[in-house]
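Worksheet for the structure shown next.
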Amino acid sequence: MRERIELSAPGAAYLQYKAEIDQSLEKVLASGRYLIGPELTKFEQEFAAFVGSTFCVGVASGTDAITLALSSLNVGAGDAVITASHTAVATVSGIEASGAVPILVDIEADTYTIDPVRLELAIRHYSKAYSIKAVVAVHLYGMPCALEELLLICKEHKLLLVEDCAQAHGATYNGRAVGTFGAAGAFSFYPTKNLAAFGDGGAITFDQSPAAQKALALRQYGWDETRISNIRGTNSRLDEVQAAFLRIRLKKLANEIVRRREIAETYNTELPSEIVAPPLRHPVTHAYHLYVINTEHRAKISQALSDDNIGWGIHYPAPIHLQPAYQGRIPIDPCGLERTEVAAQRILSLPLHPFLTDGQVARVIKAVRSVF
Ligand SMILES: Cc1ncc(COP(=O)(O)O)c(C=O)c1O
């Protein structure tokens, strides 16, 4: 069997930066301070600086980041939140945990991100039956949504925009990082993400102090500085060990994204013309969390990859509105979700992570080419 090429490689980063990571983690372990300490404070400052936001609040996961972003903006029970059906289930779990009802609308066929036209139609269609308060825009695969259009629609209908940046650390729109356009940005540090912890982790970026202050309280039982709960909260802390690890990974992130882009450009130029490469909306830089091709030959290509011991994935095989937990149970796009359903049949994720060698990239290309 040939050497395995993984779709993503969480362990490779540890091996690459081992000495630095071990030293930092040993320091935290010996300190006895494991929660809400100096590593978290420094990480929050450094991540806010990286994104260009005023505030950053570390939380326990990307799902919690969505929930607590909405709760901090006073969106919850009795409200509705619109998002795309073509996303990780986590986006919808995060909305539901806030108490709000998710409404799922279709994507643009070429970019896989929420279609502003469908969004506006859904707002008009559902505005009598639901108290729509926010839109969660998912920058899927690392490609920013049509932010200008979404911001205009949100302004006109007085809705809050929350950006789901779980897959888009380092992506920009008009030269500005995602996570700074909406009322809040929700990030995940799940081990395969562009910025990854070695377990669960997440963060919320804000520009406004009241929402950031509320998130700080919500992540610890609603406590104020005197440990009195003036509001009801939960436990969603980003611990010191993960924060220390993330600080090291954050220093490497810009270079790692450069490498992701380099690999994506090689795929763009060398994959056969029969497949559709990831799109690029005009004013964006893609963070290439995933390299997702669109093809009617998915079965043959995935077989060719497996035959050569190369990992692949489908993000995501079933649209949320067709999964048993949600089918027929939540409101969906009044015009239907055909583009989401077609995408789910045709998308295929190829290996993409900063530790892939040029030789490995060439092997992936050769395996895909062998089908044509
Ligand atoms: C688009 C999207 N949103 C939200 C999440 C939730 O992140 P987490 O797994 O850290 O809860 C993920 C990651 O799984 C994701 O890909």
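None of the figures in this text is laboratory data; all of them are computed from the coordinates on show. All values derive from a computational prediction rather than experimental measurement. Glycine gets a Cβ as well: all are built from the backbone with ideal geometry, and neighbour counts include every protein chain shown.
Numbers for the structure displayed
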item	result
Among 367, 75, 322 - extreme Cα towards positive end, dipole of the chain, charges at beta-carbon	75
Gained length - residue 227 relative to residue 15, 0.36 nm times residue gap less alpha-carbon distance	72.3 nm
Label-point separation in nm, residue 110 to residue 34, each point 7 Å along Cα→Cβ	5.2 nm
Linear extension gain, residue 209 paired with residue 129, 0.36 nm per residue minus alpha-carbon span	25.6 nm
Cα centre as origin, Lys/Arg/Asp/Glu Cβ charges: the chain dipole, Debye	340 debye
Residue 314/residue 27 FRET efficiency (R0 30 Å; Cβ-Cβ; nearest 0.05)	0.15
MRE, 222 nm, helices only [DSSP H, n ≥ 4, -39500 (n - 2.57), over the chain, to nearest 500]	-12500 deg cm²/dmol
Choice from 171, 65, 12 showing the highest fluctuation, given a GNM over the chain with Cα pairs closer than 10 Å	12
Under 12 Å, Cβ to Cβ, from residue 74 - net charge with Lys/Arg +1 and Asp/Glu -1	+1
Residue-span extension gain [residue 148 to residue 327] - 0.36 nm each, minus C-alpha spacing	61.3 nm
Fluctuation leader among 21, 204, 228 - the chain, Gaussian network, Cα springs under 10 angstrom	228
Sorted by Cβ density within 10 Å, fewest first, the residues 1, 143	1, 143
FRET efficiency, 1/(1 + (r/R0)^6) with R0 51 Å, evaluated for residue 274 and residue 42 via beta carbons	0.55
Residue of 242, 167, 220 that the Gaussian network model of the chain assigns the largest fluctuation, springs spanning Cα pairs under 10 Å	220
Partner lysines for residue 252 [C-alpha distance under 24 Å; skip if fewer than 8 residues away on the same chain]	18, 27, 42, 193
Dipole-positive endmost among 31, 205, 144 within the chain (Cβ charges, Cα centre)	31
Segment 10-248 - share of DSSP beta bridges that are antiparallel (%, nearest 5)	45 percent
Cβ-based net charge around residue 282, under 14 Å, with every Lys or Arg adding one and every Asp or Glu removing one	-3
